[in-house]
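What follows is a single structure, written as structure tokens, with notes after it.
We did not get these values from a lab; they are worked out from the coordinates using the rules stated. Since the model is a prediction, treat every value here as computed from it, not as a measurement. For neighbour counting, all protein chains shown are included, and Cβ atoms are generated from backbone atoms with ideal geometry for every residue, glycine included.
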């Protein structure tokens, strides 16, 4: 270093340390160490913690063997053979002595108490699907964190795109889009949408997300795929296979969760038979999210210890029904019915005949989580008439049980009735 230069006169030189198997010493076991240790553990470092005490979380890391804990104060020589040291104590004298040893041994040293006295700074770091984002702004850690958060969030929700430039393996991502509100798709699902070449979407998928896609993305409405001699599902399977074999990144966007009455496994099996890799991204199921959005907990302490999700697209007296409605009528918990608006009269009569009380509360939530959401309350005895008089239309989630009467929304619904 020039005799006239001072470290604070120059910006930090950014670098990524590969610490796997290399000795890292952490001095101090408090909150700072608790925040920094997970990243060092993830990097595969051989970590030695020197501290007479530690937070419960840090103790748990030592108990699980992720770090080695020396339960004592720092002494000269503790940095021997170290590649990197983190000083995280409130003892200024001890911090100075550790820094001095690190300087003599030419070991990069981070100081949590005095950044200007450190030889290394820890950037604000975030990760998203194989990318590491590290931001340094000198002595303004809050700004670093804010910039880091903005970049990582953008990568996750697709507002910042960083498409893979290397050759991609053709494949399909089976993405659960959630109950309807575009903000309720998972961050992974949103990122895969941003990277897609082709999106095959269900009508119950979050439609607003499609408007955000770049113009080069081909969007296909699954309901409008011509299927001629094929069944609709078979035609969708064939479309997925065709586009994947053409080398496209394909997203199959479905409402809710792909495996909750979504026929997702049929698509996975069809792709597997053709040797096409498929990634399944779970989605938030409308069976729990829509009741929650309407103020109904599907379980509640002292009210319901279980909930059952049932497809209502087949009437109870239909020979194709796989549901034991008599058994469901005997349950005391919550019953959530999907795709059952036009069959709810027959379902309610069957449940009452099986022993469920006619005055059992029922809520119908139409277009749940969207701007058009509305809730209609009734009982098992009155729900069939309520559907007609209130003109309830699919998609709607039906909740049956005492949890319907829990919470402030139930009170307001009662007053509206």
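Taking R0 as 30 Å, what's the FRET efficiency between residue 299 and residue 319 from their Cβ-Cβ distance, rounded to 0.05?
With R0 = 30 Å, the Cβ-Cβ based efficiency is 0.35.
Out of 196, 90, 405, any idea which swings most in a Gaussian network model of the chain, alpha carbons joined below 10 Å?
90
Please determine, in degrees from 0 to 90 and to the nearest 10, the orientation of helix 31-42 with respect to the longest principal axis defined by the Cα atoms of the chain, where the helix direction is its Cα long axis.
Rounded to the nearest ten degrees, it is 80.
Based on the mean of other Cβ atoms within 10 Å per residue, sort peptides 253-266, 203-216 so the most packed one is first.
Descending packing order for the listed peptides: 253-266, 203-216.
Starting with the highest mean, order 396-403, 315-322 by the number of other Cβ atoms within 10 Å, averaged over the residues of each peptide.
Ranked by mean Cβ neighbours within 10 Å, highest first: 396-403, 315-322.
Could you order peptides 59-69, 94-104, 374-384 by the average number of other Cβ atoms within 10 Å of their residues, highest first? List each step's numbers first, then the result.
Values: 59-69: 14.6, 94-104: 18.0, 374-384: 20.1.
Top of the packing list down: 374-384, 94-104, 59-69.
Can you figure out the FRET efficiency of residue 93 with residue 187, using R₀ = 45 Å and their beta-carbon distance, to the nearest 0.05?
Step by step, r from the Cβ atoms, then E = 0.50.
Divide the volume of the convex hull of the Cα atoms of the range 287-416 by its number of residues and quote the answer in cubic angstrom per residue.
Values: hull volume 12.5 nm³, N = 130.
Here the figure is 96 Å³ per residue.
Could you check the spin-label model distance between residue 233 and residue 117? Points 7 Å from the Cα along Cα→Cβ, value in nm.
Result for the modelled spin labels: 6.8 nm.
If you line up the Cα atoms of the chain on their principal axes, what length do they span on each, largest first, in Å?
For the chain, the Cα spread along each principal axis is 88, 55, 36 Å.
Counting alpha carbon pairs within less than 8 Å and at least 6 residues apart, what relative contact order, in whole percent, applies to the chain?
10
Nearest 10 degrees is fine. How inclined is helix 344-353 to the longest principal axis of the chain, computing both from alpha carbons?
80
Using Cα-Cα distances under 8 Å and only pairs 6 or more residues apart, what relative contact order does the range 12-80 have, in percent?
Once normalised by length, the contact order is 33 percent.
Can you give the helix-only mean residue ellipticity at 222 nm for the chain, where every DSSP H stretch with n ≥ 4 adds -39500 (n - 2.57) and the sum goes over all residues, rounded to the nearest 500 deg cm²/dmol? Mind dumping the intermediate values first?
On the way: 13 runs with 127 residues, N = 417.
Calculated mean residue ellipticity at 222 nm is -9000 deg cm²/dmol.
For helix 232-245, what angle does its Cα long axis make with the longest principal axis of the chain, in degrees from 0 to 90 and rounded to 10?
On a 0 to 90 degree scale, this one is about 30.
So what is the relative contact order for the range 257-314, in percent, with contacts set as C-alpha pairs under 8 Å and at least six apart?
26
For the pair residue 72 and residue 207, how long in nm is the line joining their label points, each one 7 Å along Cα→Cβ?
7.1
Between residue 327 and residue 146, what is the FRET efficiency for a Förster distance of 51 Å, r being their Cβ-Cβ separation, to the nearest 0.05?
For R0 = 51 Å, the calculated efficiency reads 0.40.
Could you tell me the largest-minus-smallest coordinate of the C-alpha atoms of the range 7-122 on each of the three principal axes, in descending order and whole angstroms?
Between the extreme Cα coordinates on each principal axis of the range 7-122 lie 43, 30, 24 Å.
Once you have the alpha carbon radius of gyration of the range 171-284, what is it after dividing by 2.2 N^0.38 Å, with N set to its residue count?
Working it through for the range 171-284, the quotient is 0.95.
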